[in-house]
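Reviewing the structure listed below.
The values are calculated or read from the model by the stated rules, or taken from the named source; none is laboratory data. Remember, it's a predicted structure, so these values are computed and weren't measured experimentally. When we count neighbours, we look across all protein chains shown, and the Cβ atoms used for this are built from the backbone with ideal geometry, even at glycine.
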Amino acid sequence: MIHLTNIEKQHGSRILLQNAGMQILPGTHTGLVGPNGAGKTTIFRLITGEEEPDKGEISCSKKNVIGYFSQDVGEMAGRTVLVEVMSAAGDIVALGVKMREMEAAMSEPMADEAMAELLERYGEAVEIFEQRGGYDLEPRAQAVLTGLGISPDDFQAPVEKFSGGWKMRIALAKILTINPDVLLLDEPTNHLDIESILWLEEWLQTEFKGALLMTCHDREFMNKIVSRIVEVANGSTTTYSGNFDFYLQEREIRRQQLQASYRRQQEMLAKEEEFIARFAARASHASQVQSRVKKIDKIERIVLPPEQRVMKFDFPVPPRSGDDVLHLKNLSKSWTGHDGRTIPVFSGLNGTIRRLEKIAVVGVNGAGKSTLLKVITGNTDASEGEVLTGAGVTTGYFSQHAMDLLRPEDTVFQAVQEALPMENIGVIRNLCGAFLFTGDDVDKRIANLSGGEKSRVILARLLGRPLNFLVLDEPTNHLDIQSREVLLAALQKFEGTVVLVSHDRHFLRSLVTRVMEIDHGEMRIHEGDYDSYRRHVRERMP
């Protein structure tokens, strides 16, 4: 279907791909993985023709329809949500117009030969129109929008009124609605809540019949969707047959085998070189020495790839808080709309957060999860009720919008030092290094950092302080899978209390001991881990 052969690609002095190759075969679901900056997005752009390879060949049938969802959604304005989504299928809409024109022409008298030719063209058009889902385009667009969490009440709303995160959903809906032959998804779950992720999971497994290539930092999503992995690292591509967990196991096996082969080769070379050095001056051994020199010159040397850098972090031991960290007493919150109306978010919330608990706050998008976190951290006032903080509680808050509070002109070092003004330069540099800012990286300006890098700066500022109560709103959003695993391991060992909102099910399943669900403005408390909470939700569903 799509073949990349001996691809070379260089950005400036940096070589991204060298003799790289991969295949996208009909009906396959493939995950594209590798460290940030390895060239995953470049591969997408090569496939779509947005970039050209420096060398190599990309073969793709012109009949294949490619749909590409990227993190850059571009401008959206001047249309309603539904019209914006259907605009992605403009060629199908145009084909429908041509079919109606041909139908009108058929009713007019014409020569038999011309009619036969027209009927043949009409038959081809109908086949393409049916294959591309032209007859059910609008209901399909509506179903996709609903699945991605956009209410039918908003279908006729102008796209300009939606925030960046919601525009990402609209952009994703556009790509899914055209039902392409090849679907390229770059981080499709980044701006989705759990309900929308579950819907997308099911859609890709049951509805989508084409080939899929995607990057994703959600481990569970990857495991459920893909059956092949292509790793992009050190300029090359390596294919693994299996899901993400299989890839991790197989990659470790291959790494160990390569290291063993490298050690054996180094031992053999050392012996040969020792023989050559020992007998090089002896005429009686000249032929043997020359033979061994030729032998080691012909050997293809095994090169070990550099180890992938990952975050390395352990929390400082926090001061002990009281056994009761927080009491919520009849807590209510409402906002005042632009028209002066009062918009209730939640009301009458009661509960206690106890020391060492790891609590997930869950609920559908817009239920008030982030608002509750703002109230309990004092970043917004409650409309009614109160939040009582226990003895010795020191709170740290990671907000979805925390990256916007960083000063663009600051360096990484300055941003971290500001949060820890009493620490010396060595401690700050070590902390930056733990979050993958080493050497000259600490002098990078915040304005020049990627979303993942900014997220790591915020985490370094927060987690380097001796806090015993962490309130985290989507802390994994811009982190790759390896960084998420490091953060998860650190939180599992953390000797304090955690309340978090996250749509990463693997993260929640591995950490959470208690669940607070906000549903229609009320709170239900589930005394158990995340898996038991999901079972409870399924049991109560009609």
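Against the test of being farther than 18 Å from Gly31 by Cβ and modelled with pLDDT of 90 or more, the options Arg169, Arg219 yield a single qualifying residue, Arg169.
Residues in segment 394-426 that are touching a residue at least 60 places away in the same chain (Cβ under 8 Å) and either within 14 Å of Leu328 (Cβ to Cβ) or of a type in the set (Lys, Arg) (or both): none. The one condition from (1) under 35 Å from the mean Cα position of the chain (by Cα); (2) surrounded by 12 or more Cβ atoms within 10 Å (Cβ to Cβ); (3) at pLDDT below 85 that Asn243 does not meet is (3).
For segment 272-285, filtered to residues that are loosely packed, with under 11 Cβ neighbours inside 10 Å and charged (D, E, K, R), the residue that is modelled with the lowest pLDDT is Arg282. Residues of segment 365-404 that are within 30 Å of Leu148 (Cβ to Cβ), surrounded by 16 or more Cβ atoms within 10 Å (Cβ to Cβ) and of a type outside the set (Gly, Ala, Ser): Asn365, Lys369, Thr371, Leu372, Leu373, Lys374, Val375, Ile376, Thr377, Tyr397, Phe398, Met403. Taking interchain pairs and intrachain pairs at least six residues apart, which have beta carbon atoms under 6 angstrom, with the first residue in segment 31-48 and under 18 Å from Phe244 (Cβ atoms) and the second in a loop (DSSP other than H, G, I, E, B) and of a type in the set (S, T, N, Q)? Listed by first residue and then by second, the contacts come to Pro35/Gln308. Residues in segment 42-58 that are over 17 Å from Thr239 (Cβ atoms) and either of a type in the set (Gly, Ala, Ser) or in a strand (DSSP E or B) (or both): Gly49, Lys55, Glu57. Residues being loosely packed, with under 15 Cβ neighbours inside 10 Å, assigned by TED's automatic domain parsing to the domain that holds Ala460 and small (Gly, Ala, Ser) are represented in segment 513-531 by at least one member. Taken over segment 69-86, the criterion of being of a type in the set (A, V, I, L, M) and either under 16 Å from Leu183 (Cα atoms) or in contact (Cβ under 8 Å) with a residue 24 or more places away in the chain (or both) is satisfied by Val73, Met76, Ala77, Val81, Leu82, Val85, Met86. Exactly one residue out of Ile47, Ile2, Ile15 is in contact with a helix residue (DSSP H, G or I) (Cβ under 8 Å, 6 or more places away or on another chain), over 19 Å from Ser450 (Cα atoms) and of a type outside the set (Asp, Glu): that is Ile2. Residues of segment 214-248 that are touching an Asp or Glu at 6+ places or on another chain (Cβ under 9 Å), within 19 Å of Gln23 (Cβ to Cβ) and free of Cβ contacts under 8 Å to residues at least 60 places away in the same chain: Thr238, Tyr240, Ser241, Gly242. Under the condition of being crowded, with 16+ Cβ neighbours inside 10 Å and either at pLDDT 90 or above or not in a loop (DSSP other than H, G, I, E, B) (or both), the residues counted in segment 59-81 number 6.
Remark: pairs (first residue in segment 259-271, within 17 Å of Glu300 (Cβ to Cβ); second residue part of a helix (DSSP H, G or I); Cβ separation under 9 Å; 6+ apart in sequence or on different chains) = Met268/Ile296; Leu269/Ile296.
Taken together, Ile343, Ile353, Ile359 contain a single residue that is part of a strand (DSSP E or B), within 30 Å of Arg456 (Cβ to Cβ), in the same structural domain as Gly464 (by TED's automatic domain parsing) and out of contact with any Asp or Glu (no Cβ under 8 Å at 6 or more places or on another chain), which is Ile359. Going by the structure shown, is Glu84 out of contact with any Phe, Trp or Tyr (no Cβ under 7 Å at 6 or more places or on another chain), among the charged types (D, E, K, R) and not in a helix (DSSP H, G or I)? No, not satisfied.
Residues in segment 286-322 that are out of contact with any helix residue (DSSP H, G or I) (no Cβ under 9 Å at 6 or more places or on another chain) and within 30 Å of Ile353 (Cα to Cα) were compared, and the one that is modelled with the lowest pLDDT is Val317. A Cβ distance below 9 Å, combined with a sequence gap of six or more or placement on separate chains, defines the contacts here; from segment 289-316, residues that are acidic (Asp, Glu) reach residues that are not in a loop (DSSP other than H, G, I, E, B) in the pairs Asp314/Ala434; Asp314/Ala490; Asp314/Lys493. Here the condition is being within 30 Å of Leu349 (Cβ to Cβ) and assigned by TED's automatic domain parsing to the domain that holds Ser502; of Arg407, Arg445, Arg429, Arg465, it holds for Arg465 alone.
If only residues of segment 196-237 that are among the polar types (S, T, N, Q) and buried (at least 19 other Cβ atoms within 10 Å of the Cβ) are counted, the one that is farthest from Gly133 (Cα to Cα) is Thr237. When restricted to residues that are assigned to a helix (DSSP H, G or I) and not basic (Lys, Arg), segment 1-41 contains 1. Out of the residues in segment 428-475 that are in contact with a Pro (Cβ under 9 Å, 6 or more places away or on another chain) and part of a strand (DSSP E or B), which is modelled with the lowest pLDDT? The residue in question is Arg445. The listed residues are Val387, Val375, and the only one of them that is touching a helix residue (DSSP H, G or I) at 6+ places or on another chain (Cβ under 9 Å) and not polar (S, T, N, Q) turns out to be Val387. For Asp136, the conditions (1) over 31 Å from the mean Cα position of the chain (by Cα); (2) without any contact (Cβ under 8 Å) to a residue 24 or more places away in the chain; (3) under 17 Å from Ile92 (Cβ atoms) all hold with the exception of (1).
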